[in-house]
Number of protein chains: 2
Amino acid sequence: METPIILSKYRQAIADEMRSQLEPCISPLYAMLRYHLGWEDAHGNRIETPSGKALRPALCLMACEALSGGFERALPAAAAVELLHNFSLIHDDVQDDDRERRGRPTVWALWGKPQAINAGTAMRILAGMSIQRMAERGANPELVLRLQCLLDETTLLLLEGQYLDIYFESCQRVGLDEYLRMIERKTVALIACSLELGGMIASDDPCVLATLRRCGEQLGFAFQVQDDLLGIWGDERLTGKPVGADIRRKKKSFPIVLAWEQAGEADRQELASIYSQPEVSESDLGRVMEILDHAGSRRRGRTLVQGYSAQAVVDFESLGPPAWAHAAFRELVTFLTERDH
Amino acid sequence: METPIILSKYRQAIADEMRSQLEPCISPLYAMLRYHLGWEDAHGNRIETPSGKALRPALCLMACEALSGGFERALPAAAAVELLHNFSLIHDDVQDDDRERRGRPTVWALWGKPQAINAGTAMRILAGMSIQRMAERGANPELVLRLQCLLDETTLLLLEGQYLDIYFESCQRVGLDEYLRMIERKTVALIACSLELGGMIASDDPCVLATLRRCGEQLGFAFQVQDDLLGIWGDERLTGKPVGADIRRKKKSFPIVLAWEQAGEADRQELASIYSQPEVSESDLGRVMEILDHAGSRRRGRTLVQGYSAQAVVDFESLGPPAWAHAAFRELVTFLTERDH
């Protein structure tokens, strides 16, 4: 599947904005940040690595451009959401004990957990400072404060979601409503925030902003449920993770949460027994996959993803965006929800 | 030594400001924050524990009141510096593996390190949001942005200082200039920021603000060097730490850094040999104390503390504060630099 035009269109401008903020930082603290972003190797030498999708900043810029005809003013906000996302990745890797991300050692695997905690927090502070740069470039101070307020509220939601995700590890069973509350904070909030920030820079119509936010929420739910489906049925060669990876890690992801709700009594008891073991064996993995099949987790997940993404498209189109934005948003939604890695 | 009037005068107003922000937060994430602040036990029941000195918010309020005659407008900024300080304590405990603080288990000792990382970061986000509350109460948006900018820059300095402090653990020897650069970021920056924030709310005279900042820097250096002296020669019954605690932990604190600079060749070689052992034995501890004596670390440390604090008083008085503020600042400086715990 080809990269949607909207992701490639803004890529360079986003990278330039972030680099202009981060490259002048001289304390060795910031070398960890540039390493994490794929700009430098562990010794501070410049490298070229394939960067992430930069989905969130692209959403921010597209919302601004679709509503006002230009995206440049929104660049600091776009950089802010990308920095915020990367703060959460650095701390996530520490919290989950993950030694690798995108085929490279994580920050803590190289510098140790104490320093990676500093690196992640610094990334979040730089996100707020990126928004501040709008004021230096002449933006209305009241608007800048409103943007910062949304960035702060979104960060707290992210942390609340991360709290729940970690807490769920110690729960044998998590209900569908609890799962949805968790992803609403951990993933959905930032995707919605990205569209809303871009919108706020272009418009102060509260109806437009509420619609953009709802559109972002639908897209966020679609994105996360799809991610959860790939965490179990994703193609190992594309995702880099073995089939059933999230089952081995006993993650309370969508398919397993749904199976707990939908499965018959016998299947539930078997799930309970398998999940109470310290490790999930190869044969147990096969049994869990069968139980997920019985419960229709994959099919129901796909239906949910399609429902959320259709609603996101309806919301976006209700704003009457120009034709290019209309087409670009549809292409992006299809890319995110049909993706295989 | 009695608590200085300036610390008791503002205590209730600071606590009320912080509580009004934190008590309505309902996610279990925030229970960790209220626990850390000493307001609740681990089960969320209200308790009364002796709180910390609340030095930083008191400095902020006093600067504002001394310059403008009132302190209420500065309460959100005062709460912000206290929240920022507490963010750094929560992460510090995780990074240093400390299981106890002020006689209670640390956040990570109760909830685990992954959740304590979330708690600390949330505390820092709330610090920024506290400043935002000034805008809701009618403060000039441009002023609020300038305050936030200083809070962000100070947080980055804190993180740079924490980076160096952790990095120094792996160095056998740290120079006096490196040590000063570290504490300038880790401790001094926030004390200077506290005075400056309060000053900015009362005045926009750049000379006044520069003097306040320098005054805070002198006070910060005095405070940290005194802290380092207590970390070795502090009274065990008062500090709660055994004599020589920082030597056992091989901390690169002022007395040892000075000894490396001042000691003769034989003493230096002995220090090198003791510090290259995995543990500092009881007899080695005695030898290090002797080497510190030869190098005059304690005496030179006291001279430095007195010099810094005298300069802080001169700077403060050069602002021509009212008589009460003048007296209160002198009393505070004496308290902080003559303290025995």
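The values are calculated or read from the model by the stated rules, or taken from the named source; none is laboratory data. Being a predicted model, the structure only gives us computed values, none of them experimental. FYI the Cβ positions are ideal-geometry reconstructions off the backbone, even for glycines, and counts take in every protein chain you see. Side chains are part of the model used for accessible areas, which takes the heavy atoms of the whole protein and leaves out ligands, DNA and RNA. Shrake-Rupley method; radii C 1.70, N 1.55, O 1.52, S 1.80 Å.
The phi-based Karplus calculation (6.51 cos²θ - 1.76 cosθ + 1.60; θ = phi - 60°) puts the 3J(HN,Hα) values of segment B:13-25 at 5, 5, 4, 4, 4, 5, 5, 5, 8, 8, 5, x, 6 Hz, whole numbers, x for Gly and Pro.
Starting from the label point of B:Cys25 at 7 Å along Cα→Cβ, the same points in the other copies fall at 2.3 nm, in ascending order.
For chain A, the longest principal axis of the Cα atoms and the long axis of helix A:189-202 meet at an angle of about 20 degrees.
Straight Cα distances below 20 angstrom link A:Lys9 to the aspartates and glutamates A:Glu17, A:Glu48, A:Glu65, A:Glu72, A:Glu82, A:Glu196, A:Glu331, with same-chain residues fewer than 8 positions distant left out. Taking the chain by itself as reference, segment A:147-188 contains these residues with an accessible-area loss of 50 Å² or more in the full protein complex (1.4 Å probe, heavy atoms): A:Asp152, A:Leu156, A:Leu159, A:Glu160, A:Tyr163. Solvent-accessible surface of segment A:26-103, averaged per residue with a 1.4 angstrom probe and all protein chains in place: 39 square angstrom.
Sorted largest first, the principal axis extents computed over the alpha-carbon atoms of segment B:68-128 equal 44, 23, 15 Å. Using alpha carbons only, how many degrees (0 to 90, rounded to 10) separate the axis of helix B:206-233 from the longest principal axis of chain B? Relative to chain B, helix B:206-233 is tipped by roughly 40 degrees. Charges were assigned to the Cβ only: +1 to each Lys and Arg, -1 to each Asp and Glu. The resulting dipole of segment A:75-173 about its Cα centre is roughly 320 debye. For segment B:186-341, the share of accessible area belonging to carbon and sulfur comes to 50 percent (1.4 Å probe, ligands and nucleic acids excluded). Using a cutoff of 8 angstrom between alpha carbon atoms and counting only pairs six or more residues apart, the relative contact order for chain B works out to 18 percent.
Accessible surface area normalised per residue over segment A:109-210 is 33 Å², counting heavy atoms of protein chains with a 1.4 Å rolling probe.
The contact residues of segment A:92-115, meaning those that lose at least 30 Å² of 1.4 Å-probe accessible area when all protein chains sit together rather than their chain alone, are A:Gln95, A:Pro114, A:Gln115. For GluC sites (Glu not before Pro), the sites in segment A:39-99 that DSSP calls loop and that have at most 10 other Cβ atoms within 10 Å are A:Glu48. Ligands, DNA and RNA aside, B:Ile14 has an accessible area near 10 Å² when probed at 1.4 Å.
Applying 1/(1 + (r/R0)^6) with r as the Cβ-Cβ distance of B:His326 and B:Asp16 and R0 = 30 angstrom yields a FRET efficiency of 0.65. Distance from the B-onto-A rotation axis is smallest for the Cβ of the chain B residue given, in whole Å, as B:Pro141, 2.
Rounded to two decimals, what ratio of Rg to Rh does segment A:214-339 give with C-alpha atoms and a Kirkwood Rh? Can you show the working numbers first?
Details: Rg = 17.0 Å, Rh = 15.8 Å.
Using only Cα positions, Rg/Rh for segment A:214-339 is 1.08.
Estimated from helical segments only, the mean residue ellipticity of chain A at 222 nm is -24000 deg cm²/dmol, where each DSSP H run of four or more residues counts as -39500 (n - 2.57).
Across the identical copies, the label point of A:Asp177 (7 Å from Cα in the Cβ direction) is separated from its matches by 6.4 nm, in order from shortest.
What the Cβ-Cβ distance of B:Cys207 and A:Glu136 gives, at R0 = 25 Å and to the nearest 0.05, is a FRET efficiency of 0.60. When A and B come together, around 3500 square angstrom of accessible surface is lost from both chains combined, probe 1.4 Å. Apply the a/c threshold of 1.5 to the C-alpha gyration tensor of the protein assembly as shown and tell me whether it is rounded, prolate or oblate. It comes out prolate by the Cα gyration axes. Sorting A:His85, B:His294 by accessible area puts them as B:His294, A:His85; the probe is 1.4 Å, largest comes first, and only protein heavy atoms count.
What shape does chain B take by its C-alpha gyration tensor, where a ≥ b ≥ c are the square roots of the eigenvalues and a/c under 1.5 counts as rounded, a/b above b/c as prolate, and the rest as oblate? Because a/c hits 1.5 or more and a/b fails to exceed b/c, chain B counts as oblate. What residues of segment B:18-61 lose no less than 20 Å² of accessible area with every protein chain in place versus their chain by itself (probe 1.4 Å, heavy atoms only)? At a threshold of 20 Å² (probe 1.4 Å), the residues of segment B:18-61 that become less exposed are B:Ser27, B:Pro28, B:Leu29, B:Tyr30. Think of the protein assembly as shown as having a plus end and a minus end, set by charges on the Cβ of Lys, Arg, Asp and Glu; of B:Pro242, B:His43, A:Leu319, A:Leu319 sits farthest toward the positive end of this dipole. Summing Cβ point charges (Lys, Arg +1; Asp, Glu -1) relative to the Cα centre of segment B:1-101 gives a dipole of roughly 320 debye. Between 0 and 90 degrees, the angle of helix B:55-68 with respect to the longest Cα principal axis of chain B falls at about 50 degrees. Of the solvent-accessible surface of segment A:1-151, computed with a 1.4 Å probe and all protein chains present, 50% belongs to carbon and sulfur.
Converting the Cα gyration tensor eigenvalues of segment A:114-162 into ellipsoid dimensions via √(5λ) gives semi-axes, longest first, of 24, 15, 4 Å. Counting only protein chain heavy atoms and rolling a 1.4 Å probe, the accessible areas of A:Thr303, A:Thr155 rank, largest first, as A:Thr303, A:Thr155.
Sorting B:Arg300, A:Arg56 on solvent-accessible area from highest to lowest, probe radius 1.4 Å, gives B:Arg300, A:Arg56. When the surface is traced with a 1.4 Å probe over the full set of protein chains, B:Cys207 keeps roughly 90 Å² accessible. Give the distance, in whole Å, between the Cα centre of segment A:130-202 and the Cα centre of segment B:262-336. Each part reduced to its Cα centre gives a spacing of 45 Å.
Quick one, can you get me the convex hull of the C-alpha atoms of segment B:77-172 expressed as volume per residue in Å³?
So the per-residue Cα hull volume is 104 Å³.
Using θ = phi - 60° in the Karplus curve 6.51 cos²θ - 1.76 cosθ + 1.60, the 3J(HN,Hα) couplings for segment B:158-174 round to 4, 5, 5, x, 5, 4, 5, 4, 5, 4, 4, 4, 8, 9, 6, 9, 10 Hz; x is entered for Gly and Pro.
For segment A:240-264, the residues whose backbone nitrogen is under 19 Å from a point 7 Å from the Cα of A:Arg299, taken along Cα to Cβ, are A:254-264. Given +1 at the Cβ of Lys and Arg, -1 at the Cβ of Asp and Glu and no other charges, the dipole of the protein assembly as shown around its Cα centre is 100 debye to the nearest 20. Inter-copy label distances at B:Arg299, using a point 7 Å along Cα-to-Cβ, come to 8.8 nm with the shortest given first. Ligands, DNA and RNA aside, A:Lys186 has an accessible area near 50 Å² when probed at 1.4 Å. For trypsin sites (Lys or Arg not before Pro), the sites in segment B:125-180 that DSSP calls loop and that have at most 14 other Cβ atoms within 10 Å are B:Arg137. For segment A:237-326, the list of GluC sites (Glu not before Pro) that fall in a loop by DSSP and count at most 13 other C-beta atoms within 10 angstrom reads A:Glu279.
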